[in-house]
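Heads up, the thing below is written out as C-alpha cells.
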C-alpha cells in the first residue's frame, strides 16, 4: 500500500468475488480500507494485505465517510444497512451502492437514505471481477452530481471508466438491466447455436470464428437501429420483418427436427409476427421495440 496516498478512507461491505476485487483495488491505490462480510473468513487475505477487518457492519461503516456496498441484491443490502445501529452509524456519511437490482429498488433505497440523512449514489459494474483495477473495468453511476464529483477521486481507484448518467437515481440500474438483457439473450442464442451445430456434426470450435464475425456486425447495427427507435422510422430497407421471420422459421425447423428446444427463437418469431399482424411487415425488426410496449 502506498504511504503517500491522499485518498480518503473507504469501507467495503460484501466480500464475494466482486467485493474482494473492489477492496483490493482500493488497497492497491493506497486508500485506508475497512472490510466486512456476513460470512466470516472472507476478509483474511485482504487483512493480510493491509485492510482493517471490522467486527460488525456498524463498526465497518463508522470507520469511513464512504461505504461501498456490493452484494447479491437489494434484499441483502437491506439486511446490511437497515438495522437501526447501522443506519444510525451511517448518518451524514455516503453510501455508493454497486449492487445490481431494479431501478425501483434504487429509488426506494435513495428515499430511505434521504429519510435518515445518508448521502446516496447508485451504481452498476458492467464488467467481471478480474477487470476491477484495470483499464477494462466499466462503472455506471447515478445520483447527485456534486456527490459523485466529491467521491470521484476514490472511485477512480477502481480503474477503468466511470460514467455519471444523471441525477435520477434509477438510471444506472436501468442501463444495467437493459445491457444485461442484451448480454443474456445473446448468450442464450449462442448456446442454442452451438446445440444446433453439434447436432449437425459441427464443433463449437469450428463455429466460434464465424460467431465472432456475427458479433462484429452488431455494433454499427446497434447505432443505426437506435436512431430508428428514437426517431420512429424503423426502416426495413436492409431486412424487412417478413424476411426476418422466414430465417427464424429455418432455425426453429432445424432445432425441432433434432429435438432441441426452440423456445428462445419461437419467442423472437412471435414478436416479429405480432408486428406483421399490426401492419408493420415492411418495417425493420426494431419495430418490435414499439410493439412490445403495447397493451
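Put simply, of 252, 260 the only residue that is touching a helix residue (DSSP H, G or I) at 6+ places or on another chain (Cβ under 8 Å) and part of a loop (DSSP other than H, G, I, E, B) is 260. When the criteria are applied in full, residue 215 fails the requirement of being in contact with a helix residue (DSSP H, G or I) (Cβ under 9 Å, 6 or more places away or on another chain) and touching a residue at least 60 places away in the same chain (Cβ under 8 Å). When the stretch 192-207 is examined, which residues are found to be surrounded by 13 or more Cβ atoms within 10 Å (Cβ to Cβ) and either assigned to a helix (DSSP H, G or I) or in contact with a helix residue (DSSP H, G or I) (Cβ under 7 Å, 6 or more places away or on another chain) (or both)? Scanning the stretch 192-207 gives 192, 193, 194, 195, 196, 197, 198, 199, 204, 207.
In the stretch 9-42, which residues are surrounded by 23 or more Cβ atoms within 10 Å (Cβ to Cβ) and out of contact with any helix residue (DSSP H, G or I) (no Cβ under 8 Å at 6 or more places or on another chain)? 19 - this is the single residue of the stretch 9-42 that is surrounded by 23 or more Cβ atoms within 10 Å (Cβ to Cβ) and out of contact with any helix residue (DSSP H, G or I) (no Cβ under 8 Å at 6 or more places or on another chain). Please tell me if residue 150 is in a loop (DSSP other than H, G, I, E, B) and closer than 24 Å to residue 8 by Cα. Considered against the rule, which asks whether it is in a loop (DSSP other than H, G, I, E, B) and closer than 24 Å to residue 8 by Cα, residue 150 comes out as no. Residues in the stretch 81-93 that are surrounded by fewer than 21 Cβ atoms within 10 Å (Cβ to Cβ) and touching a strand residue (DSSP E or B) at 6+ places or on another chain (Cβ under 9 Å) were compared, and the one that is farthest from residue 32 (Cα to Cα) is 92. For the stretch 248-287, which residues satisfy the criterion of being surrounded by 16 or more Cβ atoms within 10 Å (Cβ to Cβ), touching a residue at least 40 places away in the same chain (Cβ under 8 Å) and closer than 24 Å to residue 228 by Cα? Of everything in the stretch 248-287, those that are surrounded by 16 or more Cβ atoms within 10 Å (Cβ to Cβ), touching a residue at least 40 places away in the same chain (Cβ under 8 Å) and closer than 24 Å to residue 228 by Cα turn out to be 265, 280, 281, 283, 284, 285, 286, 287.
A single member of 267, 211 is closer than 19 Å to residue 290 by Cα, under 25 Å from the mean Cα position of the chain (by Cα), at pLDDT 95 or above and part of a helix (DSSP H, G or I), and it is 267. Residues in the stretch 21-42 that are at pLDDT 95 or above and either under 20 Å from residue 77 (Cα atoms) or not assigned by TED's automatic domain parsing to the domain that holds residue 125 (or both): 21, 22, 23, 33, 34, 35, 36, 37.
Among what's in the stretch 43-60 and is in a loop (DSSP other than H, G, I, E, B) and touching a strand residue (DSSP E or B) at 6+ places or on another chain (Cβ under 6 Å), pick the residue that is surrounded by the fewest Cβ atoms within 10 Å (Cβ to Cβ).
Step one: of the stretch 43-60, the residues in a loop (DSSP other than H, G, I, E, B) are 43, 49-51, 54-56.
Remaining after also requiring touching a strand residue (DSSP E or B) at 6+ places or on another chain (Cβ under 6 Å): 43, 51, 54.
Details: 43: 23, 51: 25, 54: 20.
This residue is 54.
Selection of the stretch 153-191 for residues being touching a residue at least 24 places away in the same chain (Cβ under 8 Å) and not in a helix (DSSP H, G or I) yields 159, 160, 161, 163, 165, 166, 167, 168, 169, 170.
The values are calculated or read from the model by the stated rules, or taken from the named source; none is laboratory data. Owing to the predicted nature of the structure, the values given are computational and were not obtained by experimental measurement. FYI the Cβ positions are ideal-geometry reconstructions off the backbone, even for glycines, and counts take in every protein chain you see.
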